[in-house]
Each structure stands twice: as C-alpha cells, then as structure tokens.
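Structure, as structure tokens:
The values are calculated or read from the model by the stated rules, or taken from the named source; none is laboratory data. What you see is a predicted model; the values in this text were computed from it and never measured. We place every Cβ from the backbone using ideal geometry, glycine too, and count neighbours over all the protein chains shown.
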Amino acid sequence: MYRVRNLNGVLAELRMLRAERRSPCLPRPFTTASVAITPTMNSGKSVAACCGALALAYACAESNFAAEKLALASGSAMYTADDVSLRDGMEGRELWVTYHGGVYDLTDFAKEHPGGAAFIKSAAGGAIEPWWQYWKKHSQSKVDVNALIAKYKIGEHSDWDGDTTPIELFDDEPSRNIEHQHLVMAEQPLETETWTPRLNEQLLTSADALYVRNHAPVPRVSSADGHKIDFVLHTADDPEILMRSIQLGNLIKEKPQKVVPSVLQCAGNRAADNIKATGPTGFSGSEFETMGVGMAGCGIWGGASLKNVLESVYGGYSIMREKNLWVEFHGLDGYFTSIPLEVANDCFRDALIATHMNGEPLNRDHGFPARILLPGIIGARSVKWLSKVVLRRSEGDSPWNARYYKAKLPGEAETLKDMPSAMKLPVQSIMLTNDASPSEPGGSQYLKRSDSRLLSGVAYSGFSGDSIAKVEVSTDQGLSWNEAKVTDSLKQFQEDDSSKEKGNFHWVKWELTTGYKDAKEVWVRAFSSGGEIQPAEPKPNPGYLFNGYHKVPIVG
C-alpha cells in the first residue's frame, strides 16, 4: 500500500511509478486513507491507469478551510473525500468527481461524454484534474469543458486544500530533432507534420522526420524483449477472457519477420485544403485547421504478420468461423480503436505487429517497442505502444470509432454512432516542392514564379493497393494537363511471395519540368491502375480523407 496524504506525495509517487513504469489497475472502491496499487506490475498495463490511481489519491489532499468557508457563505452542500469516493459509478452507484473545490454529479453526463462513459468512470470517486492533464485535449478543446460540467455541480469539496497547481505529466517526453523537419501544431501532446522540403529530400521518410500524432504523454518501456502483449476474447457473457500473454521477445523469435513498404497517413492530412475546398469541418478553429500535406510519410516496416499471430492465438476457437468480427488494439497510453478482422487478415496488405522502421527499432514517438501497421488504412487505426489485442463480435465502444474519425457527415436521421468509421485511404498525389520557409504559419506551401523548373512530389493509391498508373500536372487550372514521370523505387522492398498477390501501399515519386510564369496555381492529380482518379473536389466531410487535386498557389 502506498499512503498519499498531500500533493507533494502524489508528485513523488507519480515520478517513482513512471520511472519504474509500473502501471496499477484501478481497485474499487477507494478510500481517502490510501490507494491500493498492485505491487507486481509490468509495462503491459496502461499508463493511463497509473494516472487514474493518482488522480484519486490527489483527492485525498489535506483539507483546507477555504472551501468550507466558501460553502458555508454560499449555502452550498458540503462533501468530504469519503463522500465522493463512495460514488464511483460502479454497480449502479452514482458517478461523482471533484474539480477545483467543487463536487459534480456526472452520472447522467457520462452517457453524453464525447470520450465515452468508460473514460469518465476512470476518474469517478476522485479528482478529475489529473485526468484532464493526461488527456490534455480537454484544455485545448473548442468546447468550454468548465461550462459544460457547471450545471452538474452539486456542492463543495470540504477536503480541498485550494492548490490548483497542475501535475506535470509531460516531463518524460523523448528527445526529438524538430528543427527544419517538423511544423508543430501542439506541444503537449506533440502533434506535428513534416515540412514538405524534408519529405521531398527522402523517398523513405526517416523516423525522426515522420509526423507525430500523440494523444497523451509518451509511455516509456525499458525492455522490448520483456514487453508483454495480452490477447483477449470479448464475449457477451465475459467482457475479457485472457487467451494468451506473449512477450515481444518470444513473438519475434517464434514468428517469421516480414518487411512491408507502406505509407502511414493521418486521416486528417490536408485539413487546410479540405476547409478551403468544401467549407468548415471538425478541424475549423482548432490547431489542425492549418495542416498541410505533411501528416504522411513512407517507411519500410518490419515485424510479425498480424494475421499469423491472430491465427496462432484464436485459430482453434469456433468464434473465428463467424462473420463480422472486429479486432481491437490498445496502447499503453490508453488509446484504443478497432478494425474489421477481415482487414487484419488480408494477405494482400500484410498488416504487421511492427517493431522496426527502416531497419531500426521504433523510436518512442512512433510506438516503441511495438505498434500496429495497417497498409492502406488511416493512421488512427495503427495503434502505438501495443499492449492488448481484443477479438470481439462488435466494433466496441472506443470513442475513436464511436465519435471521432468518421468517414462521412451525418445524414438525415443519422447519428454519429450510425456513421461508418473512417478506414480506407483514397488515391492521393501531393506536390512537395515548396518555397515557403518552416517559420511561416501552419503548413504553408507556395511556389515562386518561374519560366522553367523541376517540380516533384509523391503519389499513392491508398486502400486499393493498386499501382499508380500516371500523375498529371496542370498550370492553367485544369484546361490542359501534362503527364509527369513516375518512378517506383520502393517496389524492390516488397517481399516476393508467388503464392499471394501483394498490394502497392508505398508511394512513388513523380517529377515534371515545366514553367508557370503566368499561372495562379499548379494542380496535381493521380490515376490508379484500378481506375480510381483523384477528384477535383470530394464531397464535404467531417475533416477526414480529403484527396482533391493538390493546388499550390504561385506568388511573386
């Protein structure tokens, strides 16, 4: 048992637990005297759970008369930490939290919580501040979360000590080489896109140049070989049956290692182009509204076949003969999402439990020691810091399926839950030639006028895995088009397997020497061998999967 009596104790326990990377499960119910933490921990459990226990410990800080005096003066009801801890949302009990001296009954709000009821239940019975610090999007949201929960306030917290100092959870981030490579949209958690000239220099995107999209503090795992991945079966009768727990070192030894050249792209890439072409999206007014084309990269990924591993764990069970199964991936950071099992088992795309990028172990920002890699699928499904895999009969309750990363706008009588989850990347071509400097706002990109110049970029077919048939460039806003030279230098890295057809999920380089002295913009479009054509403007969407012509303005 770890006894925590004040905020300094919480901070000390946090640093100690994070240094050792023990990750406690949340025991129920909690008391104000102590917080139970299982002593035999390993890196296979979520760091978010650690923060949950500490969040509740934070609620046990020494009482301060300030809150009590305020409550007496205002006539508000008074509640102790004991009162709150008993309302933990479990087994039909109410769900209460504390926030800055107030007590809030979020029993009804839990059903409406954008992150899902499960996440808000993690903070039930204690302080919500550390959770908001961990999932820091709460403080960056366009929605005023303080105003949102204000109507649920039921009284004052008599044990609050008046301290509003945030717990620092981002003090163990990895060392990064940002300058001249990344355009930073947010620092905590880190969200970047790669500066286009840097992408243009490398056909293979280096690990330190690849865009970063984190949702929470970066987990630290001390040993790759000892890292455990749990494989679980979810049924209606039992939500979590542990089928097998595999150490990553054994997984690497036991399973044949594969190499797959593939694009990795954030679903929201080209957000600024999307807003300009189709109008406001879910990214309007957020840090992502200036995002250019740099939330994409291409690497050679190495690891074990996901299909092979799933078959070895679940293959002997009758459930594998059922249709419409889903597989859910959980990261150590608390992020989780699911995909149809048929995608994971598709030999055409060779999904991986990836441990390497470009021949080197994954770095921390990109999921060390293991992540999922799903060629042709949006990056949001390629979960980093993989700790658990769940086979289930439904899509599940991940907020990143149920609410975020949706493929279309809600239609008539259609709710977010009914809309399909974004999965498939469309055919895409982008220009990487750029005369803007990395110090200019957002993902700025433009060309200076020229009589003759070599323009270049990349193209890829996305989910289809087709080859790129051609790329065309227009300098007169689509009145005429010139075909660019396309070079596929990465196909050589595809593994030769004569028994199975393999898709082309990497990008190809295109180049064209042309003049555009009198042009307003230079446009680019791609054609796949399967007949898919990059459209002039796709239909309006929530902010994802934009693949309209890439249009680069001319200045000077």
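General observations
- Residues satisfying the stated conditions in segment 507-521, i.e. of a type in the set (Lys, Arg) and outside any loop (DSSP other than H, G, I, E, B): Lys509
- Candidates Gly297, Gly268, Gly226, Gly249, filtered to the one that is outside any strand (DSSP E or B), under 30 Å from Glu201 (Cβ atoms) and modelled with pLDDT of 95 or more: Gly268
- Single match in Pro197, Pro239, Pro219, Pro174 (criterion: closer than 30 Å to Thr98 by Cα, touching a residue at least 24 places away in the same chain (Cβ under 8 Å) and not assigned by TED's automatic domain parsing to the domain that holds Asn434): Pro219
- Some residue of segment 313-330 being within 16 Å of the chain's Cα centre (by Cα) and hydrophobic (A, V, I, L, M, F, W, C): yes
- Selected residue (criterion: farthest from Tyr544 (Cα to Cα)) from residues of segment 349-379 that are among the small types (Gly, Ala, Ser) and surrounded by fewer than 24 Cβ atoms within 10 Å (Cβ to Cβ): Gly359
- Number of positions in segment 88-116 that are free of Cβ contacts under 8 Å to residues at least 12 places away in the same chain and over 24 Å from Glu191 (Cβ atoms): 5
- The single condition from (1) part of a helix (DSSP H, G or I); (2) modelled with pLDDT under 95 that Glu287 fails is (1).
- Selection from segment 439-471 of residues that are more than 30 Å from Leu374 (Cα to Cα), in contact (Cβ under 8 Å) with a residue 12 or more places away in the chain and surrounded by fewer than 20 Cβ atoms within 10 Å (Cβ to Cβ): Pro441, Tyr446, Lys448, Arg449, Ser450, Asp451, Ser452, Arg453, Leu454
- When residues in segment 404-434 are screened for being charged (D, E, K, R) and crowded, with 18+ Cβ neighbours inside 10 Å, 1 of them pass.
- Considering residues of segment 149-166 that are out of contact with any Phe, Trp or Tyr (no Cβ under 8 Å at 6 or more places or on another chain) and not hydroxyl-bearing (Ser, Thr, Tyr) only, the residue farthest from Glu191 (Cα to Cα): Asp159
- Some residue of segment 137-157 being over 28 Å from Met78 (Cα atoms) and without any contact (Cβ under 8 Å) to a residue 60 or more places away in the chain: yes
- Conditions (1) without any contact (Cβ under 8 Å) to a residue 12 or more places away in the chain; (2) more than 19 Å from Pro114 (Cβ to Cβ); (3) touching a helix residue (DSSP H, G or I) at 6+ places or on another chain (Cβ under 7 Å): number failed by Gly411: (3)
- Looking only at segment 129-160, and only at residues there that are touching a helix residue (DSSP H, G or I) at 6+ places or on another chain (Cβ under 7 Å) and assigned to a loop (DSSP other than H, G, I, E, B), the one that is surrounded by the fewest Cβ atoms within 10 Å (Cβ to Cβ): Tyr152
- Filtered residues of segment 269-303 (kept if among the small types (Gly, Ala, Ser) and closer than 26 Å to Gly367 by Cα): Ala271, Ser286, Gly292, Gly294, Ala296, Gly297, Gly299, Gly302, Gly303
- Test for Val458: is it touching an Asp or Glu at 6+ places or on another chain (Cβ under 6 Å), within 18 Å of Gly297 (Cβ to Cβ) and hydrophobic (A, V, I, L, M, F, W, C): no
- Enumeration of residues in segment 107-119 that are surrounded by 15 or more Cβ atoms within 10 Å (Cβ to Cβ) and either polar (S, T, N, Q) or out of contact with any Leu (no Cβ under 6 Å at 6 or more places or on another chain) (or both): Thr107, Phe109, His113, Pro114, Gly115, Gly116, Ala117, Phe119
- Of the residues making up segment 333-362, those that are in contact with a Gly (Cβ under 8 Å, 6 or more places away or on another chain) and among the aliphatic types (A, V, I, L, M) are Leu352, Ile353, Ala354, Met357.
- Where Ala236 falls short, out of the listed (1) over 19 Å from Leu332 (Cβ atoms); (2) within 19 Å of the chain's Cα centre (by Cα): (2)
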